[in-house]
């Protein structure tokens, strides 16, 4: 089954979360693949005040171009539209964002007018359930400028013979630089305000406990954005791709290590616990 939804404005994420909380989802795949759902929004303009607040929360300097992660924020309500659609079989609450890959073909100006298209792909069987992708394409003046693949996990039982092999290789990464980030207790609420991602596991310890977490956890996309904000001066000027895998959650408040090594056309980075042992996020930046 296929469906294309063309929006005339960006939907309210609060309303989308309310729809998610009241939706009845079967939690079972019908057939081998997810429905071909696509959501489009044209002529998207950036609010300068919201962009400035995002830079502040995520550590990006002032610039004539928007941060490489900011189109994800503009596309997030469209992601939600896909996930609350009746054709999508899995409940939104409980999905886990496991990987995110962004390809920037050219810098996007703060005042550029964007056309955004998001589509659903998958799933693939994984060790802990089913993984699926939301593919986002952002065009300026009819030309592709930015795209991303957000991979999410729906936890469910998978037959042993069908499981995709997990990445259990020992991490041999050797950083050239190590910084320490304080991650305050309110960072989940601050990021939710600028991103629209108000998932209760990020907002407060009390709401996180409803989902089995001892404390609130930082948004994975905040961690990715803050890493790129920290590396902003070193990012390639030409087209590049930045890929991350989200590992263990960062409980709030916290202090973490940010480790990276820059070889010129390739930057590898990690976010680990304060002792540099437990992994929270692993990423690479490569020039194209």
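Data overview
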quantity	calculated
Hey, residue 59 modelled with pLDDT under 95 and under 19 Å from the mean Cα position of the chain (by Cα) or not	no
Residue that is assigned by TED's automatic domain parsing to the domain that holds residue 139 and more than 20 Å from residue 227 (Cα to Cα), where the choices are 88, 60	88
Given (1) in contact with a helix residue (DSSP H, G or I) (Cβ under 7 Å, 6 or more places away or on another chain); (2) farther than 29 Å from residue 130 by Cα, index of the condition residue 13 fails	(2)
Residue 127 vs. criteria over 17 Å from the mean Cα position of the chain (by Cα) and under 25 Å from residue 226 (Cα atoms)	no
Test result for residue 107, modelled with pLDDT of 95 or more, over 17 Å from residue 5 (Cβ atoms), part of a loop (DSSP other than H, G, I, E, B) and out of contact with any helix residue (DSSP H, G or I) (no Cβ under 9 Å at 6 or more places or on another chain)	yes
So residue 164, is it under 30 Å from residue 104 (Cα atoms), surrounded by fewer than 18 Cβ atoms within 10 Å (Cβ to Cβ) and modelled with pLDDT under 95	yes
Selection count where residues are without any contact (Cβ under 8 Å) to a residue 60 or more places away in the chain and under 28 Å from residue 210 (Cβ atoms), scope region 97-127	2
Selected residue (only one of 129, 94, 109, 64 is surrounded by fewer than 17 Cβ atoms within 10 Å (Cβ to Cβ), touching a strand residue (DSSP E or B) at 6+ places or on another chain (Cβ under 9 Å) and farther than 25 Å from residue 234 by Cα)	94
Enumerated helices (runs of 4 or more DSSP H) restricted to region 171-288, each holding at least 3 residues that are more than 18 Å from residue 102 (Cβ to Cβ) and touching a helix residue (DSSP H, G or I) at 6+ places or on another chain (Cβ under 8 Å)	187-195, 200-203
Selection count where residues are under 29 Å from residue 65 (Cβ atoms) and without any contact (Cβ under 8 Å) to a residue 40 or more places away in the chain, scope region 128-148	9
Index of the failed condition, residue 154 passing every other in (1) modelled with pLDDT of 95 or more; (2) assigned to a helix (DSSP H, G or I)	(2)
Check on residue 18, closer than 21 Å to residue 73 by Cα and free of Cβ contacts under 8 Å to residues at least 12 places away in the same chain	yes
Residues located in region 240-277, provided they are exposed (fewer than 14 other Cβ atoms within 10 Å of the Cβ) and under 22 Å from residue 150 (Cα atoms)	248, 266
Inter-residue pairs, beta-carbon under 6 Å, first over 15 Å from residue 258 (Cβ atoms) and in region 178-197, second at pLDDT below 95, 6+ apart	192/198; 196/13
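The values are calculated or read from the model by the stated rules, or taken from the named source; none is laboratory data. Source: prediction; values computed, not measured. Glycine gets a Cβ as well: all are built from the backbone with ideal geometry, and neighbour counts include every protein chain shown.
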